[in-house]
Amino acid sequence: MSGYRSRNLSYILIIISLFLFFNIVVKGENIHIHINGQDKSQELAPVVQDNVVYVKARELARLFNAEINWQQSIKTLSISDGQVLIKMMLGNPYIQVNNRTMRSKGSLLLLYGHTYLPIEDIARCFGFLFNREGNNIYLSRPETFIRDIRWGKGGQAIVIEMDNIVPYRINNTNNPARLELELEKAALADDFTDNISNKNFYLAVTPVAEEARLKISIISQYPIPFLGDRSIAEDGENLVINFLPYITGIRWKKDQLEITASGQMARPEIMLLQEPRRLVIDIPDLMLSDFELELDNNPWIKDVRVSQFTYDPIVLRVVLELYPDRYLHLLEDTVSSGKLVFNTTERTSLTDLAFEGNGIRFISDNKISPEIFKLKEPDRLVINILNADRGEGFRDRIDVNSELLKSIRTSRFNEETIRIVADLKQDIGYSLLERQLSDGRFMNIILFENSFKELLINDSELKTDLVLSFTGEVDYEIKESSGTLVLEVSGVKSAADYRVPAPLGVIKDIKVKPSTERGEGIRFEFATGEYDNYKVFSSKPATSITLSLMKGKIKDRKISNLILLDPGHGGFDPGAVGPSGLTEKDVNLAVALLTAEILQREGYNVMLTRNDDRFISLKDRVEMANSLEAMLFVSIHSNSANATYSEGTETFIAPNKVASSQLLADALQQNLLKELKRYDRGVKKENFYVIKYTDMPAALVEVAFISNPHEESLLASNLFREKAARAIAQGIMEYMQKINNGS
Amino acid sequence: MNRKTLFLILLILIVVFSVFYLRNRQERGPVTDGFEEVKLYFSTKDAMYLEAEKRKIEAGKSNKYEETINELIKGPASKELNRTIPEGVKIREVRIEGNIAYLDFNQALVANHWGGSTGEIMTVYSIVNTITQFPEVDYVKILVEGQEIETLAGHLDTSIVLEPDRNLIKE
């Protein structure tokens, strides 16, 4: 009985192992191996075992120009190209590469009477980059070599020195003690030196499995103070990873507390907590380190604690334990100077609150630095005074009912803070003044008034914009007279020292004077060149006034017989991208600029919708063409499709505009075919935005396919671009002649 | 008894394995009555034309339009045709109002598109021509993340409702 069972079991086992066997070695018919861009799958006859791709050893050696030698006695294969010598034993996963040994994912295989090698490890040993995308494997040479990784800026940065910068990214490792950077198509140079590793840091460089990327990992015992992508900068051909600054000292200096760091600090968040009374200072993007602590005998701070509060985001927390009634406030203007300075504040008593003239006044025992901000709906001004008490004549509420204010309210906001709220009738500017009285106390005045903040001028093809901003709402009036546009702004103090920008576009000169008409105000006089009309894009009253001087429809400015060329895409929109990375926007611009040059030389008036690498929406392109009343519009593009073998030249017109556009398109297509000799895809009608909504005859040319590797290489060459430009210019000129001859 | 049972087990195993083996080799399951045949328009290899490929979808499903678009997203079975919808594209919603089909795709339709006038025409009209095969749909409006888009890849005006382009179809 057991005999039967075992025999039957072995049948089953045989059948199962047959299935398993079929799963082990799979003919890699679908695997395509490209070496330097050429498909070598035929020769290499790839097979797959355990997800490792193997190829015929002899063919691989031939493609690598390497000598191959099989030693039957020790079942060892050796391959050498003169520089690299690799030895591999049958069934042994260890490969000897020159004088070192590495473990491979596969091993030497004997199949159908041929030796097979695991292609990824062997290719990498011979200095190839290996990239697997599904069933396609690409072997290529590195585009950059890393020569050195070292410390920079006195240990505050890591510098990666390479031949030229390739695309890179920082990996998010979720481990603050590990920094990972990946570089595309990079390899280590032969003379690479690791100048990073020391007793605290360890450098590891590994290729990313199945991809042509190199991973640089820096591992430390301690959190590495870097900020992900924000830390990385390019410096010539080097990549620099900047570390965050760390705290270097907390010192008591002449009634001030100073916190210093190894670099610039950001504005901290400060809270006052009780029991024990303590000031909590959270400084973003600052690292903990050994720091100098000098508090001497000061009457303000009992104790200091410093900790790395969080790592994501990185925040350093300084806790200052204070003596009763003591307070420290940050001097705001020291933040940008690279250190944080805190002034001492004693508990102060506030007295004699009043509204006089156009300001709120009150007296304080000591110098204060209140926090002042505005709130909306309804408009309010809030004044927070820290470490203060309300004394004599500091009432809960004063009803003002002036032109500016309804009332003033005061309250104890929290244990430390007295809050004054001014209920405003409108959004208005303010300034804080302070004056020491003869008895040593301080008079504080919050003066309500608007002031002029700034004037900006923007000039574009279509218009010149003036943008004026104020600290609060202002009323204004605009008067236009020949050659001058006058803007009278009322309710603004009329100090003299405004900085005005240089005139631009339609604006030829700017004068700022006190208002001549009503009360306090400013008069802006803009001397103007010619413009069509002006538009105001602001309500009344407003905190910012935008004036647009439209230059579109001026007869003199309009260029007769204007040819408008439209290089497709641009800015963040690259258009199509070729297999080797050429972007459509660059090709389009280059061809358009060359076309414009030829036409200008021939005496035509030419403009481009963009002269540089910027994004312009389709709508704006159309608007430009229509407002300039161009005579014809030619959009220049490079084609793409989801198939590398699509090729050829085609020209499009819009179905709603046929007659002249067809004539133009035919002339363009014929000339492009004659010059470029690409496949003729014809003149087609399509609902393309820019050719459909423009008012003049319009065509869109697709010079060639950037998605086709051959045509991409043509589009990358200057000669081809010049030919394309010549053809487009010739097509336009032929069309112009036909129109002028009345045909 | 035991011998017979074991042979039976063996027989069952062989049958089960063969069935699995054959099924894996087969492209598709058998056609039954619960299916409806639709045309999916894919790009020809030279991207000059759209060519129909017939495919079965489950009949009587509540949203045959969505089913059809999902089949279009999968790409062609024929090696002679190319896919027209980029990687990662998903249909978010199909809404029929009157004779207009509003098709709302995710951002991948724009973000992952390969660009080019031809590429854009193939994508847009493979969608429009496929959906207008249903006699109740005359026009298609393409939306991305619920919003109207000026253009998909910088050429075609997709702010309007689109009608099918029969000139692109290779019969």
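A few comments on the model shown:
- Tilt relative to chain A, helix A:659-676 - C-alpha long axis, 0 to 90 degrees, to 10: 50
- Averaged over A:627-640, number of beta-carbon atoms from partner chains that fall within 10 Å: 2
- Divided by 2.2 N^0.38 Å, where N counts the residues, the Cα radius of gyration of chain B comes to 1.34.
- Cα-based Lys pair tally, segment A:31-139, threshold under 18 Å, eight or more apart or on separate chains: 6
- Test item: A:611-624 mean partner chain Cβ contacts at 10 Å: 1
- Averaging the sequence gap over all C-alpha pairs within less than 8 Å and six or more residues apart, then dividing by the number of residues, gives segment A:31-139 a relative contact order of 25 percent.
- Degrees between helix B:64-74 axis and first principal axis of chain B (Cα, 0 to 90, nearest 10): 80
- Taking the average, over residues, of other Cβ atoms within 10 Å as the packing measure, peptides A:683-690, B:135-142 rank A:683-690, B:135-142 from highest down.
- Taking the convex hull of Cα positions in chain A, its mean projected area over all directions (nm²): 53.9
- Between helix A:618-627 and chain A there is an angle of about 60 degrees, using the helix long axis and the longest principal axis of the Cα atoms.
- Here the residues A:140, A:41, A:539, ranked from fewest to most Cβ neighbours within 10 Å of their Cβ, fall in the order A:539, A:140, A:41.
- Gain on full extension, evaluated as 0.36 nm per residue between residue A:173 and residue A:442 minus their Cα-Cα distance, stands at 91.3 nm.
- Counting Cβ atoms of other protein chains within 10 Å of each residue's Cβ and taking the mean over peptide B:73-82 gives 1.
- With a cut-off of 15 Å on the backbone N, the residues of segment A:138-165 near the modelled label site 7 Å out from residue A:289 along Cα-Cβ are A:151-158.
- J(HN,Hα) series, segment A:67-80, from Karplus relation 6.51 cos²θ - 1.76 cosθ + 1.60, nearest Hz, glycine and proline x: 8, 10, 8, 10, 9, 4, 4, 10, 6, 10, 10, 10, 10, 9
- Across chain A, Cα pairs under 8 Å and at least six residues apart give a relative contact order of 5 percent.
- Peptide ranges A:354-363, A:463-472, B:122-131 listed from the most packed, as the mean C-beta count within 10 angstrom indicates: B:122-131, A:463-472, A:354-363
- Highest mobility in the GNM of chain B, judged by mean-square fluctuation with C-alpha springs under 10 Å and restricted to B:147, B:133, B:107, is found for B:147.
- Listed by chain and number, the lysines whose alpha-carbon sits under 22 Å from that of residue A:535, ignoring those within fewer than 8 places in the same chain, are A:453, A:463, A:479, A:508, A:511, A:551, A:553, A:555, A:558, A:619.
- Contact order relative to length of segment A:212-325, as percent, for alpha carbon pairs under 8 angstrom and 6 or more apart: 21
- Going from the fewest other Cβ atoms within 10 Å to the most, the residues A:609, A:206, B:132 appear in the order A:206, B:132, A:609.
- Of A:281, A:598, the sequence from fewest to most neighbouring Cβ atoms within 10 angstrom is A:598, A:281.
- Extension gain, residue A:392 to residue A:197: 0.36 nm times the residue separation minus the Cα-Cα distance gives 63.5 nm.
- Among B:148-157, A:64-73, A:718-727, the order from most to least packed when residues are scored by Cβ within 10 Å on average: B:148-157, A:718-727, A:64-73
Readers should treat all values here as calculations from the given coordinates under stated rules, not as data from a laboratory. None of the values given here were measured: they were computed from a predicted structure. Cβ sites come from the backbone with ideal geometry, for glycine too, and all protein chains shown count toward neighbours.
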